[in-house]
Amino acid sequence: MNRLQSGKFWLKFVFFSTLVSLLVLAGLYASVYHFFTAERIQRFADSALQDTRRTIRFDQDIKRSWFPRPTFTLKNLTVSQPGSSQTAIEVKETRIGLAWESLWQQPVIEKWVLVGVNTSLEQSANGQWNLQDLWRKESPAARPRRVIVEDSHLRLRLLQDEYRIEQFGLHIDAPEKGSRRFEISGVSDYQGSPLKWHGAGFLNPVGSSWKIPVIHLEAEGRLKDETVKIMADSALEWQTKTNIIQAVGLSLQTDSSYQNLHLSTQIPRLVLRNNAVSINSLSSAFTAGEKGNQWDGSVIVDKASLYTTIAALDGVEIKASHRSDTMQTHFTAQGPLVWRQSTGLQADNLQFTSLQDSIAQSSQPRFISALSGSFVMQDWNNWQAKLSGSFDRQPAAFNIKYAAQAGKAGRLEAGIGLRRLSLDSYWKDIQQRSDSIYPKFLTSKGMPEIAAQLKIDQIQAPGLQLDNVETGLIANCQHILLSNFKAGLYGGHTEGGVSMTNTTPVSYRLQQNAQGVQIRPLLEDLFGFRSISGSGNAVIDVATKGSDRKSLTEALTGTLGINVVNGAWHGIDIDNILQSGNVGKQSQSGQTAQTPFQRFALNSLIENGVSYHLNTELLSPSLRVTSQGYTDLNKQTLEEELMIYDARNPKAKPVPLKISGAVSNPSVTLDYQRLTDGLNTRKERRKALEDTLREQWQRLMPD
């Protein structure tokens, strides 16, 4: 029998092979245990930190393994600050796997795993990083072939700000053709919301520099219940001897569900040197909003430098536009900016322009501004602007100040001066609004209360002109108030207040004391009543609510008092009535008929759009007229009872008249009941009528 076919042979072979393997394994284990003694590991660690003045400590309970490579595991490793016992780095567990040749040659780290690292990374004033001395070793042994960092916590302190990174992870692969591929990840906190990010690239150690030809980063998270996604691409280089870090061709892309925001930014070169950041230029573009409410714009920065306590931007240009279903608004802001930690942001030569026009139809542009001035902002809750130039092609000046306390609505104070303000281009849109006329921006969340002092030389609106306007303005989500309102109006002067309240429908109140004004346009604009003309005074206190002129007039309530001189009562000619002796017919049409007077006085109580009055008096050289009745301002009708007296002969019997119908062309009749009171027969009543009219006419037209 062949020996190789003998079962006994194979049994011996297997036995001795197993024995040899066990002996080899035992030898390897003994070698690894001998090589990885606590003392030898400590010496190896101390040599790695040589010349750093740092100390390293770890638990004495060391775990050792030999497969797939000689590996030892250290727990609770700490590295001190240079020349101090304070801890700089904490590591819960680290596994260091050495190449097999390390057993008989200089140790070479094949794989280094760190779990639970807790440390800070910061740059001093001279540009030195606090851990920089740990990776300056030039020995190949000090450069692990593979590095893995898991579940770690980093604090990056840069320009006096701290950025916390949780769940930090880093995988660096072994070198391949002089390049190392790496992956990096973590979770950063921004305003209480986690932002998860990860990235990948290639690392090329070149002499004393570290180059990353390509790196791609992505981040996702939620900010105030809105999704955010950020992508970045760049090339990086770190020159360790000069402590310069620079990013070349940096591109950022941000997308958010908040207002459907899309933002792209390009920075050709960004340099971090000596704890300062500088860029040669920056360009950015953004879009946001939805159909009917769209924003887009761009930002260009020319040469910017950011230091620990100061930042300077040689030039910034912001262009933006907003588009609604009917209007589009454009504005620009440009100028140099300086930020100081002690005083905040400052722009001493700010240029600002704006323009709004219609989309659907041709219209006169508005909000046309070209302003220059200064802007100072201590923080987001405190800023101030002083601008002057032109607004709607008229000289203008603005002084604006904003202040807010944490958790409370802010307050925007302003002083505004304008040469002339024309409301013609704004009025049509106000009239066409089908929803509430109350300004929507005042009801927006976080909108501050506005308190302003206005001084406008002239305000023009359709059919209305105000001169030398001065008033205080208070506006918020509840009401708009013009207090201490003063203006030249209809050739005279008025003082008082105007308010608008955000109710459904909107409520209004007008309180004015007008002196020396033309009464006819005043009454026509306020009440649609144009029967009285002349110059005089008016005291007005009315309130109403509604969405159009009809509803506003129907709800009108308050009081009206007027005293007019040298005017006329339009629509009725009392002299002609007395002259003709026929109250049913006037010599002139109702549109041109009028009764001139020297003085006219009226005190009216207005309820639900109806003006009631007693003891109204009209005086002319020949007549004295008293009346009582009412005028329906909505229907433009009246009911009046008049008594006409001979101004030259107060003892003469007065003529009673009734006036009714349309204000513009009323019907005039004699009040027979008052005229013939106490007379029994028709003949007596007719004679009394003829005698009264003849008597009045003789007084009016004496021989």
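Here, each number is a calculation from the coordinates, and none is a lab measurement. Note that the structure is a prediction, hence the values are computed from the model and not measured. Don't worry about glycine lacking a Cβ; one is built from the backbone with ideal geometry, like all the others, and counts go over all protein chains shown.
Count the net charge of all other residues whose Cβ sits under 10 Å from the Cβ of VAL113, scoring Lys and Arg as +1 and Asp and Glu as -1. Kindly include the intermediate steps, with their values, before the conclusion.
Values: positive: ARG95, LYS111, ARG146; negative: GLU93, GLU150.
Computed value for this residue: +1.
Just tell me which lysines come within less than 20 Å, Cα to Cα, of LYS303; anything on the same chain fewer than 8 places away is out.
Those lysines meeting the cut-off are LYS319.
Which entries in the list LYS229/LYS401; LYS177/LYS241; LYS92/LYS229; LYS111/LYS241; LYS196/LYS401 go over 30 Å, if you measure between the two C-alpha atoms of each? Provide the component values of the computation, followed by the final result.
Working: LYS229/LYS401 35 Å; LYS177/LYS241 25 Å; LYS92/LYS229 32 Å; LYS111/LYS241 27 Å; LYS196/LYS401 38 Å.
Among LYS229/LYS401; LYS177/LYS241; LYS92/LYS229; LYS111/LYS241; LYS196/LYS401, the Cα-Cα distance tops 30 Å for LYS229/LYS401; LYS92/LYS229; LYS196/LYS401.
Please list 3J(HN,Hα) in residue order for the stretch 507-519, calculated via the Karplus relation 6.51 cos²θ - 1.76 cosθ + 1.60 where θ = phi - 60°; whole Hz, with x for glycine and proline.
9, 9, 9, 10, 10, 9, 10, 9, 10, x, 9, 6, 6
With a sphere of radius 15 Å drawn around the Cβ of ALA219, what net charge do the other residues whose Cβ falls strictly inside it have (Lys, Arg +1; Asp, Glu -1)?
-4
Only counting other Cβ atoms within 10 Å, I'd like MET500, MET643 sorted with the fewest neighbours first.
Values: MET500 18, MET643 15.
Starting with the residue having the fewest Cβ neighbours, the order is MET643, MET500.
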